[in-house]
Amino acid sequence: MTAITSTYADFERLREQAVALRREGLSRRQIRDRLHVDNNDILNRLLEGEPPPDWTKRPNAKDDLREKARELRLKGLTYDQIQLELGCSKSSISLWVRDLPKPPKRTREQASLIAKRGWEATMQRREVERQRTRHAATQEIGAMSDRELFLLGVGLYWSEGSKTKPHRPQERMTFINSDPHMLKVFLAWLKLLGVGRDRLRYAVHIHETANVSAAERFWADVAGVDVADLSKTTLKKHNPKTNRKNVGDGYHGCLTVRILQSAELYRRVEGWWYGIVGAALKSDAQNRT
């Protein structure tokens, strides 16, 4: 603790003055300026045990947090520990408990544990916020019209489906993806277009080290068919030097959906896509004027 210099030799007299001013309703800053005390440690000792006047306490939703923070500080918790318990900022904690004694210095192990717990708590709060935002955004969509599904499906295919190339002028439609929800939307779009199930062929693509039979059952359920209706699964050879992240029970590989006799449909999808592009550019130009 900071030693009392000769400037504050008559500490008891100075404390009496500080306490008297505090009880008159003066703030810490006012007392500091009145008594010319420019050392916070000394000011803390002068006002030790004296509660701040009511007018310095802002009546808001943080009052309960403030009291809890002070209780935790008196129990010896650090700013990090209080922040972990209450979820408030360190700057607020500092304002609330600065007149209270400091806890003993923590060890390196304690600091590491607190930092780990703090990070875990932060990640939990972020996950709650993420789920809340996602749920709210989901509710904004509401019902989808046939036209909306039609336009969505065109964009979906043109971004994820196979397309003709100068070096491969094949006009046939194939869609492959690892997202089961995307596959379900794509299949709903095909149904809207009147493409029958008899024109669809399904095949799983997955690494040979994965649970192939489980993946086949998974994708058969997504497509609404029997496992026996799937074409032969394509196995990707495992490279031990590659540090793949797509492992574990959540890894199902990809499902390929191939449409038979799809040349005419492909041409129409291509035309629909460029129709969307033209309409979007026209709308953008109108909004700029």
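We did not get these values from a lab; they are worked out from the coordinates using the rules stated. Because the structure is a prediction, the values reported are computed rather than measured. Cβ placement follows ideal geometry from the backbone for every residue including glycine, while neighbour counts extend to all protein chains displayed.
Quick notes on this structure:
- Each 10 Å bin from 0 upward holds the following percent of the Cα-Cα pairs of the chain: 5, 16, 17, 14, 10, 11, 11, 9, 5, 1, 0.
- For segment 157-258, the tally of Lys pairs with Cα-Cα distances below 22 Å comes to 5, considering only residues 8 or more apart or on different chains.
- Here the convex hull built on the C-alpha positions of segment 108-225 has a volume of 214 cubic angstrom per residue.
- Percent of Cα pairs exceeding the 21 Å cut-off, where the set is segment 48-195: 67 percent
- Normalised contact order of the chain, rounded percent, pairs of Cα under 8 Å and 6 or more residues apart: 14 percent
- For segment 162-170, 3J(HN,Hα) per residue [Karplus equation, 6.51 cos²θ - 1.76 cosθ + 1.60, θ = phi - 60°, Hz, x = Gly/Pro]: 6, 9, 5, 10, x, 8, 8, x, 9
- Counting beta carbons within 10 Å around each of HIS205, HIS252 and listing the fewest first gives the order HIS205, HIS252.
- Note, ³J(HN,Hα) from phi for segment 284-289, Karplus 6.51, -1.76, 1.60, rounded to Hz, x at Gly and Pro: 5, 5, 5, 6, 7, 8
- The ranking of LYS116, LYS236 by Cβ neighbour count inside 10 Å, starting from the fewest, reads LYS116, LYS236.
- Residue-count net charge about GLU264 - beta-carbon cut-off 14 Å; Lys, Arg +1, Asp, Glu -1: +2
- Under 13 Å from LYS90, Cα to Cα: aspartates and glutamates that are on another chain or at least 8 residues apart: ASP80
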